[in-house]
Amino acid sequence: MNYVLGYHITKAIATGIVPVPKPILPDHELKKEKPDDEASKGSRDIFWGKDWHEANLWEMELLKTGNKIEGPAIIEAPATTLVVPLGFRVKLDKHRIFHMEVS
C-alpha cells in the first residue's frame, strides 16, 4: 500500500464586508417636557439598592418627543422595559430615542 500524508480541512471561515445604507430616522416635532396624563400608568413600589421607592409607571408608546421622565420610574412597552433609577432622568428626542442623564 502506498500512503500519502496531507492536510484535511475541517473548518473554513470567511469574512465579508457589505455596504449598509445609513438608516433615515424620521424627525418628530418636540412637544412639552411634561408627559400627558394619558401616558401615566400610575405608580408602584420598587426595591432599588437597599430601600423601597415609589416609581411612576409610563406607557412608552404614549410618551411624546420632548417629554422628560424623572426617576425612579419604569417605562413599559410590549417588548421592552426601561428603568430610570433614582437620581436620573430620561428625555425622548426628536427621533424617539431615549437619552438618560444624571438629574
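The values are calculated or read from the model by the stated rules, or taken from the named source; none is laboratory data. Source: prediction; values computed, not measured. Cβ placement follows ideal geometry from the backbone for every residue including glycine, while neighbour counts extend to all protein chains displayed.
What to note about this one:
- When 86, 92, 82 are checked against the criterion of being farther than 24 Å from residue 23 by Cα, free of Cβ contacts under 8 Å to residues at least 60 places away in the same chain and in contact with a strand residue (DSSP E or B) (Cβ under 7 Å, 6 or more places away or on another chain), a single residue qualifies: 86.
- Filtered residues of the stretch 10-44 (kept if touching a Gly at 6+ places or on another chain (Cβ under 9 Å) and of a type in the set (Asp, Glu)): 29, 33
- Count - residues of the stretch 76-101 that are small (Gly, Ala, Ser) and either within 20 Å of residue 51 (Cα to Cα) or not in a loop (DSSP other than H, G, I, E, B) (or both): 1
Okay, residues lined up against (1) modelled with pLDDT of 95 or more; (2) closer than 21 Å to residue 28 by Cβ:
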position: 44; (1), (2): yes, no
position: 48; (1), (2): no, no
position: 54; (1), (2): yes, no
position: 68; (1), (2): yes, yes
position: 72; (1), (2): yes, no
position: 75; (1), (2): yes, yes
position: 89; (1), (2): yes, yes
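- Test: residue in the stretch 6-26 that is at pLDDT 95 or above, part of a loop (DSSP other than H, G, I, E, B) and surrounded by 10 or more Cβ atoms within 10 Å (Cβ to Cβ): no
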